[in-house]
1. Under a point-charge model restricted to the Cβ atoms of Lys and Arg (+1) and Asp and Glu (-1), what is the dipole moment magnitude of region 92-182 relative to its Cα centre, in debye to the nearest 20?
2. Could you compute the net charge surrounding GLU113? Neighbours are other residues with a C-beta less than 10 Å from the C-beta of GLU113; K and R count +1, D and E count -1.
3. Which residues make up the longest stretch of the chain clear of GluC sites (Glu not before Pro) that lie in a DSSP loop with no more than 10 other Cβ atoms within 10 Å, not counting the sites?
4. Taking 0.36 nm per intervening residue step and subtracting the Cα-Cα distance, what contour gain separates ASP88 from ARG48 on full extension?
5. Would you list SER79, SER44 from the most to the least accessible area, probe 1.4 Å?
6. According to a simple spin-label model (label point 7 Å from Cα along Cα-to-Cβ), what is the distance in nm between VAL136 and ARG120?
7. Given contacts defined as C-alpha pairs under 8 Å and at least six residues apart, what's the relative contact order of the chain, whole-number percent?
8. By accessible area of protein heavy atoms, probe 1.4 Å, what ranking do PHE145, PHE84 get, highest first?
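The values are calculated or read from the model by the stated rules, or taken from the named source; none is laboratory data. Every value quoted in this text rests on a predicted model; they were computed, and no experiment measured them. All Cβ positions, glycine included, derive from the backbone under ideal geometry; neighbour counts span all protein chains shown. We work out accessible area using only protein heavy atoms, side chains counted, and drop any ligands, DNA or RNA first. Shrake-Rupley method; radii C 1.70, N 1.55, O 1.52, S 1.80 Å.
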Amino acid sequence: MSQGFSRHRGGVAVLRVARRVGGRAHEGRLTAGDLVLPCALGRSGITRRKREGDGATPAGSHELLYVYLRRGRAEKPRSVAARFVRPDDLWCDDARSFLYNRPLRGETPLGHERLWRSDRLYDVVGVLDYNIRPRVLGLGSAIFFHIATETLGPTAGCVALRARDMARLLPRLAKDVRLVVG
């Protein structure tokens, strides 16, 4: 096996994410075995001291729990748990709420992200286990693995790939895949 690469249950189990050497804070590289892809990170780069709204991608090893897919816009991966997103699916990012960093459905006065977006950035959105168990209010929410803009513009703290690169990567993933950011 090549250095930094592990296969597990027929697929890539570790995705390594790092800042691009010489690049801006949000410019990254994702390595999945012999596949190296440019990726977008949070506008503030990578941090070990994540806080809600800081625009940074949290360093660490984060399990990909499941993927939301926009029906008809992305193929369902074979090995990763996937759900189809609905127009009323939301993600709570309201640090004052006990529902913080959890999926929601329907209308709410709480601060939230819409998972059904017209810009296609959430046609594929992987939910990472960052700040899920336990949830710590204010430590950061909605840290996803999703589609990037074509120019790989900065995210609010997520890791993002261009749609064509995400389509290449998803079929290669193992069941228990982790993003190692650092």
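1. 280 debye
2. 0
3. Counting only loop sites that pass the neighbour cut-off, the longest clear stretch is 1-106.
4. Contour length minus the Cα-Cα distance gives 11.1 nm.
5. Order by accessible area, largest first: SER44, SER79.
6. Inter-label distance under the simple model: 3.8 nm.
7. Here the relative contact order equals 30 percent.
8. Accessible-area ranking of PHE145, PHE84, largest first: PHE84, PHE145.
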